[in-house]
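Every number here is computed from the coordinates shown, using simple stated rules; none is lab data. Owing to the predicted nature of the structure, the values given are computational and were not obtained by experimental measurement. Cβ: placed from backbone, ideal geometry, glycine included. Neighbour counts: every protein chain shown.
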Amino acid sequence: MKTFGSKTQFMLALSTGLISSMFFLGVVNAAQDGKGPIKPIKVDAKKAELGKRLFFDPRLSGDAAISCATCDQPSKGFSDGLPLSKAYPGSKGFRNTPTLINTATRKNWFLDGRIGTNLNDVTREMITEDYIMNMDMRLMQERLKQDPVYVKMFKDAGYGEPSNGSVRKAIPEYLKTLTSRNSPFDKGTMTPAAKRGYELFKGKAQCATCHSGANFTNDKAYNLGVPENPEIWSDPLRHMTYVAFGTFMGIKNIMNIRRDVGADIINPKADGSNVGKFVTPTLRELKFTAPYMHNGMFKSLFEVVAFYNQGGGEDKNKNPDLKPLKLTFGEQQNLVDFLEALTGDPLTTEKFVWKEKIPTNYTAIENWRDVKN
Ligand code: HEC
């Protein structure tokens with residue numbers, strides 16, 4: 001039985017009681033802990049519409065073979081379902097494609113966190129990097145000027161003539177439209193099993209230390225001891241891409257190492273203690289984005305949870321907080337149920353996807369030197 005020492009304490013207790021009954025009445029959704037829903041971002045509709053067409057247009061890659069959507073596919077939560085991503089024809093990627101949903105609410109980008117400025121820079125990197133879309137921005141600008149649909153869309157969006165600068169603004173404007181909606185977590189409709197999973201997530205399993213906030217990430221990098229994906233070293237096209245990337249990034253001993261150094265490129269330490277750290281990913285929309293981790297080494301969420309349950313992997317730089325969790329099979333399943341409850345509606349409608357055909361089948365222009373644009 002509680003006793004109240006003073007009138008103030010009594011009033012305090014009374015108001016706490018009132019506030020908690022407001023939770024029950026649904027005035028505030030207590031289950032969300034202030035972690036959602038992700039607020040839709042205000043966008044300029046015409047700029048976002050232009051960004052959408054650009055995102056789905058293969059002419060933004062050097063040889064017009066791939067578009068942003070080749071790897072960031074709407075039906076797969078804007079990832080690609082592969083352990084390691086594709087890349088520009090003639091090369092192959094060495095990392096898993098992360099989701100783009102809610103990317104406009106992040107503070108840094110890429111699994112190694114190498115861009116922490118803005119989505120304009122991210123867009124430039126993806127379009128121009130030779131192993132990604134391999135596009136020369138000057139050529140891209142000229143290509144866009146030859147498409148009357150773009151000439152009109154750029155003008156209507158207030159950008160004037162198509163230019164590489166406005167492409168780098170329009171695509172991020174489109175990315176702002178990709179926010180999570182209607183997950184059971186946000187709607188307060190989690191099953192009892194998922195609710196038990198959420199309690200474990202915050203408590204015994206200590207997932208929320210790194211997976212915090214509305215995006216379920218603190219945007220920081222850690223080493224969990226995720227095993228290397230051997231395909232990066234056995235497939236010459238993937239290895240070549242990693243070597244080219246690593247040479248450019250100044251990774252030491254790049255010809256001989258057989259591991260992905262991750263976020264070490266941001267802050268290399270002489271003792272190598274930053275090697276193998278990766279930026280904590282969001283946990284939203286996971287149902288669409290298997291396989292998991294920076295190199296796609298886990299096929300299912302149960303595999304991921306089982307990995308944490310055994311205290312992570314083996315690595316001399318492994319985060320010391322990762323210890324065996326001693327979760328029962330049922331508790332691990334509850335965690336999976338909770339993780340699945342963070343997935344919302346697929347963003348596959350016309351609002352998010354450019355559905356009209358984009359012309360790529362050009363015929364050669366005879367006497368092109370004499371033809372004016
Ligand atoms: C020490 C920080 C930390 C803790 C604690 C932690 N995580 Fe993670 N989590 C990460 C990092 C970092 C990654 C990415 C690692 C990589 O790719 O090598 C990750 C990846 C994941 C992924 C894969 C996501 C994807 O898109 O590939 C899931 C799912 C996940 N964590 C769930 C959990 C759960 C459940 C717990 C608690 C049992 C947990 N995490 C505890 C940091 C953490």
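Length gained on full extension, LEU237 to LYS187, computed as 0.36 nm times the residue gap minus the Cα-Cα distance: 13.6 nm. What are the residues whose amide H is under 5 Å from the amide H of ILE115, where those residues sit 5 or more places off or on another chain and H is modelled from the backbone? Sorted by chain and number, the residues that satisfy this are TRP109. Each stretch of four or more DSSP H residues adds -39500 (n - 2.57); spread over every residue of the chain, this sum gives -10000 deg cm²/dmol at 222 nm. Under 1.5 on a/c is rounded, so check that first for segment 311-364, then, if it is not, pick prolate when a/b is larger than b/c and oblate when it is not; a ≥ b ≥ c are the square roots of the alpha carbon gyration tensor eigenvalues. In terms of gyration-tensor shape, oblate. Its relative contact order, with pairs defined as Cα atoms under 8 Å and 6+ residues apart, puts the chain at 23 percent. Would segment 34-92 count as rounded, prolate or oblate if I go by the C-alpha gyration tensor, calling it rounded below 1.5 in a/c and otherwise prolate when a/b exceeds b/c, oblate otherwise? Cα axes put segment 34-92 in the oblate bin.
For segment 61-73, the Karplus equation 6.51 cos²θ - 1.76 cosθ + 1.60, evaluated at θ = phi - 60°, returns couplings of 9, x, 9, 6, 8, 9, 10, 4, 6, 4, 9, 9, 8 Hz by residue, with Gly and Pro reported as x.
Taking other Cβ atoms within 10 Å as a rough exposure proxy, ARG284, ARG114 sort from fewest to most as ARG114, ARG284.
Near PHE298, the amide H atoms lying under 5 Å from its own belong to TYR292; only residues 5 or more places off or on other chains count, and H is placed 1.01 Å from N.
Sequence-distant or interchain residues sharing an amide H contact under 5 Å with ALA221, placed H: which? Residues meeting the criterion, in which the H sits 1.01 Å from N, are THR280. Based on C-alpha pairs under 8 angstrom that are at least 6 apart in sequence, segment 45-180 has a relative contact order of 32 percent. Sorted ascending by nearby beta carbons within 10 Å, beginning with the fewest, MET240, MET135 become MET240, MET135.
The stretch between SER273 and GLU303 holds 8.2 nm of extra length on full extension. This uses 0.36 nm per residue minus the Cα-Cα distance. Net length available on complete extension from LYS323 to ASP33 is 101.8 nm, with 0.36 nm assigned per residue and the Cα-Cα distance removed. Normalised Debye scattering of segment 229-335 at q = 0.14, 0.21 Å⁻¹ gives log10 I(q)/I(0) of -0.69, -1.25, counting only Cα atoms as equal scatterers and leaving out solvent. Overall, the anisotropy analysis places the chain in the oblate class: the square-rooted eigenvalues a ≥ b ≥ c of its C-alpha gyration tensor yield a/c not less than 1.5, with a/b not exceeding b/c. Each label point was placed 7 Å from the Cα along the Cα-to-Cβ direction; for ALA208 and ASN367 their separation is 7.4 nm. Just report the Cα centroid separation between segment 207-262 and segment 63-94, whole Å. If we compute the Cα centre of each part, the gap is 18 Å. Counting neighbouring Cβ atoms within 10 Å and putting the fewest first, the residues THR179, THR241, THR189 line up as THR189, THR179, THR241.
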